[in-house]
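K.L.:
Following this message is one structure expressed as structure tokens.
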Amino acid sequence: MTLSTGARLSDTEGMYGNDVVDPTEALNASETPEFDEAVAAGSAAEARDGASGFDALIAADLRVEPRDEMPDAYRKTLIRQIAQHAHSEIIGMQPEGNWITRAPSLRRKAILIAKVQDEAGHGMYLYSAAETLGIDRAELLDMLHDGKQKYSSIFNYPTLTWADCGAIGWLVDGAAIMNQVPLCRCSYGPYARAMIRVCKEESFHQRQGFEILWNLVRGTAEQKAMAQDAANRWWWPALMMFGPPDTGEAAAPGGHTEQSMAWGIKRFSNDDLRQKFVDMMVPQAQRLGLTLPDPDLRFNEETGHWDFGPIDWDEFWRVLRGDGACNAERIEHRVAAHEQGAWVREAATAYADKHEGARRHEESAA
Amino acid sequence: MSEPRQPESASVATRSGERSWPLWEVFVRGKRGLSHVHVGSLHAPDAEMALRNGRDVYTRRQEGVSLWVVRASDITASSPDERDSFFDPAADKVYRHPTFYDVPEDVEYL
């Protein structure tokens with residue numbers, strides 16, 4: 001297969017779109033009215049600007065900007081959350097990066113490279129936002145490499161087949177969008193602005209994943225089985241991406257949800273977002289002809305939502321603590337990439353120093 | 001400036017003792033007719049690399065036709081603590097606004 005021609009360069013949707021679904025229909029949360037509202041809310045908040053002082057800003061749902069006064073705990077919470085988010089983006093390059101050399105066509109390979117590059121870009125937006133809080137990117141990377149800061153545990157699962165690239169785009173990026181759209185309204189300005197950029201770009205990620213699976217389910221029996229196997233393995237971990245339940249035994253001890261909601265960092269509870277995700281994905285799975293691996297999944301006429309079975313929170317905590325299939329591999333790979341790139345960074349610094357020195361010399365001579 | 005930070009302390013040394021690259025603020029002109037707008041920051045060893053990195057990080061989808069990069073340490077910003085005293089002088093000059101003036105209602109195009 002060759003790269004499709006006739007791409008409208010001014011319209012990335014045209015460039016990466018496909019013909020499998022109605023293009024006017026919202027495919028994911030970044031194309032829904034909620035996303036537009038979040039973006040509009042940011043602008044409206046700016047227009048009302050008049051309040052000052054941290055509590056007044058939060059009460060008026062205005063944005064806190066880098067040099068505003070803010071409680072130390074707010075700053076620390078944001079650094080932790082944004083860093084963890086940034087780390088997830090760059091560690092998230094690995095599971096799919098694993099398939100770049102084995103992508104089944106030139107078209108798929110070009111798409112996959114673009115997607116993995118986007119993940120790097122998302123990490124860069126987020127590190128940039130974190131740095132406005134007074135921490136240096138190098139410190140954040142050290143903390144990732146030393147295991148002092150975490151990344152989303154979804155990336156500790158292996159990508160065993162090509163269908164996993166489809167399942168990641170469809171389920172993992174789908175869950176990420178669901179988590180990220182409310183963050184476009186986060187009280188901290190630089191984080192909210194970074195999330196708006198990220199959400200716009202995630203839309204292509206989810207669609208390309210869906211398209212991979214859509215092609216596989218219409219292929220040979222083996223291809224369809226491969227798609228089903230990927231959905232079986234990624235469904236539950238994707239549900240875990242929304243984090244532990246808000247209440248009950250499995251709830252996170254000393255969780256930050258309540259405080260983060262009061263500060264306008266978090267807008268919805270983990271369970272609410274998880275339910276929205278299930279409600280959105282079940283019809284899409286049906287369209288794909290895939291069976292989600294949950295015998296308890298059924299539509300509840302009373303609530304208007306899809307009920308689903310219990311999540312294995314032991315698995316979640318186990319993987320988070322480091323006992324997933326790929327935890328060690330992901331960090332080793334990340335550290336190796338960083339160390340192997342050291343000579344490039346040093347050479348660029350030496351080049352910059354040399355030319356800066358020459359420039360200064362010319363200036364003083366003039 | 002929407003996101004100036006404290007003037008950079010030289011540069012942070014990483015665990016390995018490696019000197020980190022300076023921080024640059026990036027501004028993008030979305031299209032002809034619009035002004036450059038701040039989009040974020042990045043690290044680069046020099047201005048030329050900052051421009052190239054800026055292109056890769058902030059304009060992967062043709063979000064821009066022109067880029068500026070400025071060393072973050074070269075930006076001087078007003079302080080939010082002084083916001084009131086700094087910007088207040090404008091508040092009592094209501095005569096700068098067209099609605100200040102009493103003119104007959106039946107005059108057109110005024």
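K.L.:
What FRET efficiency would be calculated for the residue pair A:Asp61, B:Arg60, taking the C-beta separation as r and a Förster radius of 35 Å, to the nearest 0.05?
P.N.:
The pair A:Asp61/B:Arg60 has a calculated efficiency of 0.65.
K.L.:
Taking amide H positions as placed in the peptide plane 1.01 Å from N, state which residues far from A:His305 in sequence (5 or more) or on other chains have amide H under 5 Å from it.
P.N.:
A:Asn300
K.L.:
Right, something else. If you stretched the chain out fully between A:Thr303 and A:Ile100, how much longer would it get, using 0.36 nm times the residue separation minus the C-alpha to C-alpha distance?
P.N.:
Once the chain is fully extended between A:Thr303 and A:Ile100, it gains 68.8 nm.
K.L.:
Pull out the extension gain between A:Thr220 and A:Leu160, defined as 0.36 nm times the separation in residues minus the alpha carbon to alpha carbon distance; nm, one decimal.
P.N.:
Once the chain is fully extended between A:Thr220 and A:Leu160, it gains 19.7 nm.
K.L.:
Next question. Would you pull out the residues with amide H under 5 Å of A:Val64's amide H, same chain only if 5 or more places away, H placed 1.01 Å from N?
P.N.:
A:Tyr188, A:Gly189
K.L.:
Looking at segment A:130-150, which residues lose a minimum of 10 Å² of accessible area between their chain alone and all protein chains in place, measuring with a 1.4 Å probe and not counting ligands or nucleic acids?
P.N.:
Those are A:Glu131, A:Thr132, A:Asp136, A:Arg137, A:Ala138, A:Glu139, A:Asp142, A:His145, A:Asp146, which lose 10 Å² or more relative to the chain on its own.
K.L.:
Which distance in nm do the two modelled labels at B:Leu51 and A:Glu329 give, with both placed 7 Å along the Cα-to-Cβ direction?
P.N.:
My value for the distance between the label points is 4.2 nm.
K.L.:
Taking the Cβ of A:Gly53 as the center, what net charge do the other residues with Cβ under 10 Å away carry, scoring Lys and Arg +1 and Asp and Glu -1?
P.N.:
Surrounding charge for A:Gly53 is -3.
K.L.:
How far apart, in nm, are the 7 Å Cα→Cβ label points at A:His361 and B:Ala91?
P.N.:
Distance between the two pseudo-spin positions: 5.6 nm.
K.L.:
Using the Karplus curve 6.51 cos²θ - 1.76 cosθ + 1.60 with θ = phi - 60°, work out ³J(HN,Hα) for each residue of segment A:258-273 in order, rounded to whole Hz, and write x for Gly and Pro.
P.N.:
So the J values, rounded to whole Hz, are 4, 5, 5, 6, 4, 8, x, 7, 10, 10, 10, 6, 4, 5, 5, 5.
K.L.:
What list of ³J(HN,Hα) values in whole Hz, one per residue of segment A:120-128 in order, does the Karplus curve 6.51 cos²θ - 1.76 cosθ + 1.60 (θ = phi - 60°) give from phi, with Gly and Pro shown as x?
P.N.:
For segment A:120-128, the Karplus-derived couplings read 4, x, 4, x, 5, 4, 6, 4, 4 Hz, x marking Gly and Pro.
K.L.:
Around A:Thr247, what is the net charge, scoring Lys/Arg as +1 and Asp/Glu as -1 over all other residues with Cβ under 14 Å from its Cβ?
P.N.:
Around A:Thr247, the surrounding residues sum to -4.
K.L.:
Count neighbours as other Cβ atoms within 10 Å of each site's Cβ, and list the trypsin sites (Lys or Arg not before Pro) in segment A:90-164 that are DSSP loop with at most 16 such neighbours.
P.N.:
Sparse-neighbourhood loop trypsin sites (Lys or Arg not before Pro): A:Lys148.
K.L.:
May I pose another question? Any idea how far apart B:Asp106 and A:Tyr351 come out in nm if each label point goes 7 Å out from Cα toward Cβ?
P.N.:
About 7.5 nm separates the two model spin labels.
K.L.:
Give me a comma-separated list of calculated 3J(HN,Hα) values for segment A:196-201, in order, Karplus coefficients 6.51, -1.76, 1.60 applied at θ = phi - 60°, integers in Hz, x for any Gly or Pro.
P.N.:
The phi angles translate into 5, 5, 4, 4, 4, 7 Hz.
The values are calculated or read from the model by the stated rules, or taken from the named source; none is laboratory data. This one's a predicted model, so the numbers in the text were calculated from it and none came from an experiment. Don't worry about glycine lacking a Cβ; one is built from the backbone with ideal geometry, like all the others, and counts go over all protein chains shown. The accessibility values were calculated without ligands, DNA or RNA, using every heavy atom of the protein model including side chains. Shrake-Rupley method; radii C 1.70, N 1.55, O 1.52, S 1.80 Å.
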